[in-house]
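Asker: Here it is: the structure, laid out below.
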Amino acid sequence: MKKGIYEFMTYFPFLKEVIKRDFKKKYYKSVLGVAWSMLSPLLMMIVITIVFSTLFRRSIPHYPAYWFSGNMLFSFVFEGSSAAMGCMIVNASLVNKMKIPNYFFCISSVTQHFITMILSIIPYIAVCLVIGVPMTAYMFMLPLPLIMAYLFTLGLGMLLCAYGTFLRDLNYLYHVLRRVWLYITPIFYPIDIIPEQFRFLWDLNPVYVYINIYRSFALNATMPSEKMLIIGTCYTVLMLALGAVTFKEKQDRFFLYI
């Protein structure tokens, strides 16, 4: 444990540089740069609201903010974990030339997408103000589900990286599974349309749990249920532990495949 902490602190300056590099690379030669991280969800929100708000307007108050919050967290989890899955291959030259902890590249991949999500909160708050969502003290609790989602995504990213480095087809399979994952996550529809006897299956979806906690604070101005907080915490801890252990076991063979 002490050795791991010492290693992390020793190479931390390098980690910061990698995160900066990855973030700049994402918007390289882009005219609007980071502004895209705020404009893109806004444009999607307008389209989705036009299509679905009439259908769900009675069951979902403040529909634009409802969709925005769900899409924001879902996109981060998928895109962050997807980027981490291929980080060893993308950074093959650094991995082979420098003696640095391999998991730093997973952290960098997830963190740059986390920064993008944080930036998208700016237009989210603007939308909330425009459509009249009350700004309450519960807003200060929003970092909780965001941190839970970050640690979960980091664990998932390390798990995917541990196998995706060896099995390149996993990347394609994961993008196919995204569609299934999207439709079993209440992003644009309310959970109420799911028959009550089947709703426990939605609790098996970690992203839904994080979105539900976020919406409780931001849109409902209430504390999430104790059950939801416990489930979310368990998903976070278990995925981070599973990802870290699996990554550590597989990393010694990465150099054979990159």
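Asker: Here are some residues: Phe217, Phe254. Which one is closer than 26 Å to Asn91 by Cβ and either under 20 Å from the mean Cα position of the chain (by Cα) or outside any loop (DSSP other than H, G, I, E, B) (or both)?
Answerer: Phe254 is the lone residue from the list that is closer than 26 Å to Asn91 by Cβ and either under 20 Å from the mean Cα position of the chain (by Cα) or outside any loop (DSSP other than H, G, I, E, B) (or both).
Asker: While we're on this one: Is there any pair with a first residue in the stretch 240-258 that is farther than 30 Å from Ile147 by Cβ and in contact (Cβ under 8 Å) with a residue 40 or more places away in the chain and a second that is among the polar types (S, T, N, Q) and surrounded by fewer than 14 Cβ atoms within 10 Å (Cβ to Cβ) whose Cβ atoms are under 9 Å apart and which are 6 or more apart or on different chains, and what are they?
Answerer: As it stands, the answer is Phe255/Asn96; Ile258/Asn96, since those pairs meet every condition given.
Residues are listed down the side, and each one gets a yes or a no for (1) surrounded by fewer than 18 Cβ atoms within 10 Å (Cβ to Cβ); (2) in contact with a strand residue (DSSP E or B) (Cβ under 8 Å, 6 or more places away or on another chain); (3) closer than 17 Å to Leu159 by Cβ:
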site: Phe217; (1), (2), (3): no, no, no
site: Asn220; (1), (2), (3): yes, no, no
site: Ser225; (1), (2), (3): yes, no, no
site: Thr233; (1), (2), (3): yes, no, no
site: Ala241; (1), (2), (3): yes, no, yes
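Asker: Okay, moving on. Name the single residue, out of those in the stretch 160-179 being hydroxyl-bearing (Ser, Thr, Tyr) and closer than 20 Å to Phe74 by Cβ, that is surrounded by the most Cβ atoms within 10 Å (Cβ to Cβ).
Answerer: Among them, the one singled out is Tyr174.
Asker: Right, something else. Among the candidates Val180, Val90, which residue alone is more than 20 Å from Asn212 (Cα to Cα) and either small (Gly, Ala, Ser) or without any contact (Cβ under 8 Å) to a residue 24 or more places away in the chain (or both)?
Answerer: Matching residue, one of Val180, Val90: Val90.
Asker: Go over the candidates Leu238, Leu204 one by one and state the one that is outside any helix (DSSP H, G or I) and within 17 Å of the chain's Cα centre (by Cα). Break it down stepwise before answering.
Answerer: Values: Leu238 fails: outside any helix (DSSP H, G or I).
Criteria check complete, one pass: Leu204.
Asker: So which of Leu73, Leu129 ends up being aliphatic (A, V, I, L, M), buried (at least 21 other Cβ atoms within 10 Å of the Cβ) and part of a helix (DSSP H, G or I)?
Answerer: Working: Leu129 fails: buried (at least 21 other Cβ atoms within 10 Å of the Cβ).
Step by step, each of Leu73, Leu129 is checked, and only Leu73 is aliphatic (A, V, I, L, M), buried (at least 21 other Cβ atoms within 10 Å of the Cβ) and part of a helix (DSSP H, G or I).
Asker: Limited to the stretch 67-124, what total is found for residues that are of a type outside the set (A, V, I, L, M, F, W, C), farther than 28 Å from Thr10 by Cα and under 17 Å from the mean Cα position of the chain (by Cα)?
Answerer: Step one: of the stretch 67-124, the residues of a type outside the set (A, V, I, L, M, F, W, C) are 69-71, 75, 79-82, 86, 91, 93, 96-97, 99, 101-103, 108-109, 111-113, 116, 120, 123-124.
Checking which are farther than 28 Å from Thr10 by Cα leaves us with 69-71, 75, 79, 120, 123-124.
Checking the rest, the ones that are also under 17 Å from the mean Cα position of the chain (by Cα) come to 69-71, 75, 79, 120, 124.
Adding up the residues that qualify gives 7.
Asker: Same structure again: When you go through (1) out of contact with any Gly (no Cβ under 9 Å at 6 or more places or on another chain); (2) surrounded by fewer than 21 Cβ atoms within 10 Å (Cβ to Cβ) one by one for Phe105, which number turns out not to apply?
Answerer: With (1) out of contact with any Gly (no Cβ under 9 Å at 6 or more places or on another chain); (2) surrounded by fewer than 21 Cβ atoms within 10 Å (Cβ to Cβ) applied to Phe105, the lone miss is (2).
Here, each number is a calculation from the coordinates, and none is a lab measurement. This structure is a prediction, so every number in the text was calculated from the model and none was measured. Note that each Cβ is placed from the backbone with ideal geometry, even for glycine, and that neighbours are counted across all protein chains shown.
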